[in-house]
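Inspection log for the structure reproduced underneath, given as structure tokens.
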Amino acid sequence: MDMHTVVVGTSGTTAEDVVAVARHGARVELSAAAVDALAAARLIVDALAAKPEPVYGVSTGFGALASRHIGHELRAQLQRNIVRSHAAGMGPRVEREVVRALMFLRLKTVASGHTGVRPEVAQTMADLLNAGITPVVHEYGSLGCSGDLAPLSHCALTLMGEGEAEGPDGTVRPAGELLAAHGIAPVELAEKEGLALLNGTDGMLGMLVMALADLKNLYTSADITAALSLEALLGTDKVLAPELHAIRPHPGQGASADNMLRVLAGSGLTGHHQDDAPRVQDAYSVRCAPQVNGAGRDTLDYAAVVAGRELASAVDNPVVLPDGRVESNGNFHGAPVAYVLDFLAIVAADLGSICERRTDRLLDKNRSHGLPPFLADDAGVDSGLMIAQYTQAALVSEMKRLAVPASADSIPSSAMQEDHVSMGWSAARKLRTAVDNLARIVAVELYAATRAVELRAAEGLVPAPASQAAVAALRAAGAEGPGPDRFLAPDLAAADTFVREGRLVAAVEPVTGPLA
């Protein structure tokens, strides 16, 4: 099988597969077992549809309208109507990678055989992904219960050949035109299928999975920048000793301390407290970096456990059980995912905050232990990195606002039938902004710390080999070193890209070995 093909089976998927499909355009195929499971579950739904007794989602209305029994002649219209009416999103378009994750994760649940969707519908979902057709999904419309209804409805609308979608060339066109151009027949939905395509946590889960991938890189990058700042401030690496972290055995803390120690190995700048008698200990932002970074790492690990459970789940209502029952349930509720999305926004804000405090210390001549004010070439004539820190501080302030939990809120809907909702989509959307901001914040610390390390080197102090590698790679990426004031935004943008793409970690690992 081609390494760029993801096979969807009956037992869920992996985070790696989500990222491969959402971000890298991996092809999607249904396994033979999934096709068989789809067909078997459909037989059960068809049998129930033929009975006179009403079954929720098969022969009834939805939500607060579930008490009405729907006759055979209206059921196709019922399925079309739920998609059309629920495709009620508003606001800016959601990013392509988020929509692809949303579609793929809905397909994952459909392929489980617990939804009663026909195999040909699942195949059409795969065909859309493989053709690079991305439905237009809007920012607002999901309360995280019953799942991400409006976003998923816009995707289902495209399956029907209605609404708008983006083609592989990036042009938005009527969905019917795009399907025809790629030889894909629109789907005519049968009993239960409209509901099954809408009822899941797929949007918030997809954004969680991608945030975890991004944050893993940013936490390792932040360990590196913390080490560079410690070095530039002539701090001590004794606080990173493994025996100190072993007596408070939080795994993330130990991993962050080890990362920093590896980066600082061979440094000629650390341990100069004796040159500055009043300084007995480094400031908290320097000394406690492993504790703060590590607590965030442990939160990421917990969020990954929740994501793994959700990736193995079949989220729909009602569901087809192996014994042939079709049962209503509450598994679509987004609370488990919403909570960890909010947890991650909190730790990301705190990581950004400690990065900014170290940057400020590097720029303050009263606390930087001999560095020039604002790391300027000719302080007074030059402002150096003064306003780079302002930009970083503005980002940190926004991060604190984004850390306010969305999942602590609930707003009733559907005539009080859906009277307690998760707001998980909202938690995911603000986390995406927080992750973007965190990359910029880490980049500013990196830019300041590398300049400070170079200024120390000019004084005759030799930085660690890993620090030298980081400085050289950043300069090669277009972020210039010390000197007179210049247009600073391009340098900061280059540093941002350097961090965001994982190039900081890649630059130091040949020296340090693999970092956690």
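The values are calculated or read from the model by the stated rules, or taken from the named source; none is laboratory data. Only a predicted model underlies this, so the values are computations on that prediction, with no experimental measurement involved. Note that we place each Cβ from the backbone using ideal geometry, even for glycine, and neighbour counts take in every protein chain shown. Note: accessible area is taken over every heavy atom of the protein model, side chains too, but ligands, DNA and RNA are not part of it. Shrake-Rupley method; radii C 1.70, N 1.55, O 1.52, S 1.80 Å.
Descriptive notes on the structure:
- Within the range 461-489, the set of residues being open to solvent by less than 60 Å² (accessible area, probe 1.4 Å) and of a type outside the set (A, V, I, L, M) comprises P463, S467, R475, G478, G481, P482, G483.
- Selection within the range 360-398: residues that are under 35 Å from the mean Cα position of the chain (by Cα) and free of Cβ contacts under 8 Å to residues at least 24 places away in the same chain. The member of this set that is surrounded by the most Cβ atoms within 10 Å (Cβ to Cβ) is F374.
- Just one of (1) in contact (Cβ under 8 Å) with a residue 12 or more places away in the chain; (2) among the acidic types (D, E); (3) surrounded by fewer than 22 Cβ atoms within 10 Å (Cβ to Cβ) fails for E231. It is (3).
- For the range 304-312, the criterion of being of a type outside the set (A, V, I, L, M, F, W, C), surrounded by fewer than 20 Cβ atoms within 10 Å (Cβ to Cβ) and modelled with pLDDT of 95 or more is met by at least one residue.
- Filtering L128, L74, L105 for residues that are of a type outside the set (F, W, Y), closer than 29 Å to D419 by Cβ and crowded, with 24+ Cβ neighbours inside 10 Å leaves a single hit, L105.
- Filter result for A66 (farther than 15 Å from A22 by Cβ, open to solvent by less than 40 Å² (accessible area, probe 1.4 Å) and among the hydrophobic types (A, V, I, L, M, F, W, C)): yes
- Filtered by the rule that a residue be among the charged types (D, E, K, R), within 14 Å of the chain's Cα centre (by Cα) and open to solvent by less than 10 Å² (accessible area, probe 1.4 Å), the range 191-221 gives a lone residue, D202.
- Qualifying positions in the range 274-286 - in contact with a Ser or Thr (Cβ under 9 Å, 6 or more places away or on another chain), buried (at least 16 other Cβ atoms within 10 Å of the Cβ) and either modelled with pLDDT under 95 or not aliphatic (A, V, I, L, M) (or both): D282, S285
- Note on the range 139-149: among residues that are under 16 Å from G334 (Cβ atoms) and touching a strand residue (DSSP E or B) at 6+ places or on another chain (Cβ under 7 Å), the one that is most open to solvent (accessible area, probe 1.4 Å) is Y140.
- Enumeration of residues in the range 385-418 that are part of a loop (DSSP other than H, G, I, E, B) and under 16 Å from R432 (Cα atoms): A403, V404, P405, A406, S407
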